[in-house]
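Heads up: the structure comes next, in structure tokens.
What follows draws every value from the coordinates through simple rules; no lab data is involved. These numbers come from a predicted model, not from an experiment. Counting neighbours? That spans all protein chains shown, and the Cβs are built from the backbone with ideal geometry, glycine included.
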2 protein chains.
Amino acid sequence: MSVIEKIKLRVSGQSLTDRVHDTVLSMILRLEIKPRDRLSEVQFAKELGVSRTPVREAFLRLENLGFLDIIPQSGTVVAPMRATEFRKSQFMREAFELALVRRAIELEDNSELCRALQRQLKLQEVHSELCDESAFFESDEEFHKAIALHCGLPDVWPEVQRVKMHMDRFRFVVRSQHEMPAVLEQHRNIASAICSRNEAEALSAMTVHLRRANHLIEGAAKKYPEYFEL
Amino acid sequence: MSVIEKIKLRVSGQSLTDRVHDTVLSMILRLEIKPRDRLSEVQFAKELGVSRTPVREAFLRLENLGFLDIIPQSGTVVAPMRATEFRKSQFMREAFELALVRRAIELEDNSELCRALQRQLKLQEVHSELCDESAFFESDEEFHKAIALHCGLPDVWPEVQRVKMHMDRFRFVVRSQHEMPAVLEQHRNIASAICSRNEAEALSAMTVHLRRANHLIEGAAKKYPEYFEL
DNA sequence: TTTTTGAGTTTTGCATACTAGAATACCCTT
DNA sequence: AAGGGTATTCTAGTATGCAAAACTCAAAAA
């Protein structure tokens, strides 16, 4: 029997390939299909009511993104959470976001950025009090996105998002329910340091924020060894 | 008549898709097919003696990489050199390589890295004297690659390479024949600053190096406006 | 002269059929 | 019962066929 019970095309992109891609990616990130789970092009095609072609093209995209391992003539599996992948993503995200912070501080007029950050902080206060995790998560993204956009680098944000997805996948396994207040506090530190143009402080605060879940990984690897590859 | 005269599969990867991908990418980077040139899946399939499928899959990969624009039901064109793409790639490469330099300097034992850098410098001296551009280019890559590898981040190098390709495409248009001595000098500065663990100097030298071609872009855009999209 | 419209061509998107290789199951041998 | 070898059954890789959207261009109408 399959690992999949019932699937539907979730997102309505343009092409079938896009929709299948978004659907499968969402399932991977939410751990509805788990690392090392075996996938089958024909099975997904049947479940989704499409042909193999868009499924295959979606799988190829997901392999490029590092979420699937396609073994020729053999099979396709959800990529295990690799220590190397984690280190790589961690490094890349730090490199991006710290460089963005530096730019944000060099900005001649950062008032608009500061307003945007404050707006998200207010939202996060509310979401934290209401324990609305998904809304908090969304505002979290907007917070980081705002920095990229106001630096005049809107194209960089999708790239940050790309590596962020991998980190989120790791973090999803070790998610602690009540980390919203801590994250909010870290965001406050980042925002205040940026707006007061304190570079050292801003870089430090962002580093702390981005590394917050690092020490939890090995615990998760012990708890779910079948997900990991170390 | 086609923009393509005679093509052969150049690289012998594993799958046909891989080979087509490498072939077309090489043609794009060498400007054998030019920005805004119209491509056709069927035409390439015929020329290369394969079916549409591997060509299509290669095209999709190249679209993801940002080298092709696929317009549904209309056509596929080589992506023009976009100012936004240039800024993005420039930012990303700086973020990566500066972060790598920081790590290299924090390395407890960087003797091996320094030896590797010196080795490439020696090679570059020779290649520069012999005016062997392609060999110099190769050693240039190895120089930057060495930094990533000796930081214990081998997985990051392919990512650097990925954004580097875009920059190289820009630089190919504005290539000045006799820049090898200047590049060699910049490499020397970088290597000596890294090996003497002078962080500020190393970052500055790397920044200068990575930005060396920036001011030439607008000239190139005037000379070949049909390649660019500003 | 300008615009429109419509037939025909070309394009990619998607579906399906086929091939070759890898994994597995099964049978035969010992 | 265990081991080895073969046949079957999966898989992804590739080829091809079909459909629908978009572009071309010429002819007709305003």
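Here are some notes:
- Residues in region B:19-33 that are surrounded by fewer than 17 Cβ atoms within 10 Å (Cβ to Cβ) and assigned to a helix (DSSP H, G or I): B:22, B:26, B:29.
- In region B:34-48, of all residues being among the aliphatic types (A, V, I, L, M) and buried (at least 19 other Cβ atoms within 10 Å of the Cβ), the one that is nearest to DNA strand C (Cβ to nearest atom) corresponds to B:39.
- Identity of the residue in region B:48-59, within 12 Å of DNA strand D (Cβ to nearest atom) and of a type in the set (A, V, I, L, M, F, W, C), that ends up nearest to the other protein chains (Cβ to nearest Cβ): B:58
- Leading residue by the ranking (nearest to the other protein chains (Cβ to nearest Cβ)) among those in region A:127-183 that are surrounded by 20 or more Cβ atoms within 10 Å (Cβ to Cβ) and of a type in the set (S, T, N, Q): A:139
- Positions within region A:171-183 being assigned to a helix (DSSP H, G or I) and farther than 29 Å from residue B:65 by Cα, in sequence order: A:173, A:180, A:181, A:182, A:183
Here's the yes/no breakdown for (1) in a helix (DSSP H, G or I); (2) in contact (Cβ under 8 Å) with a residue 12 or more places away in the chain; (3) within 30 Å of residue B:66 (Cα to Cα):
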residue	(1), (2), (3)
A:160	yes, yes, yes
A:169	yes, yes, yes
A:185	yes, no, no
A:189	yes, yes, no
A:192	yes, no, no
A:209	yes, yes, no
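- Close contacts from region A:53-81, counting a first residue that is farther than 16 Å from residue A:163 by Cβ and a second that is of a type in the set (Val, Ile, Thr) and more than 15 Å from DNA strand C (Cβ to nearest atom), with Cβ to Cβ under 9 Å and a gap of 6+ residues or different chains, come to A:68/A:28; A:68/A:78; A:69/A:78; A:78/A:28; A:78/A:33.
- In the set (1) free of Cβ contacts under 8 Å to residues at least 40 places away in the same chain; (2) assigned to a helix (DSSP H, G or I), the condition left unmet by residue A:154 is number (2).
- Qualifying residue in region A:88-99 (condition: assigned to a helix (DSSP H, G or I), touching a His at 6+ places or on another chain (Cβ under 7 Å) and closer than 30 Å to residue B:18 by Cα): yes
- Looking across region A:60-89 at every residue that is near DNA strand D (Cβ under 7 Å from one of its atoms) and not hydrophobic (A, V, I, L, M, F, W, C), the one that is nearest to the other protein chains (Cβ to nearest Cβ) is identified as A:72.
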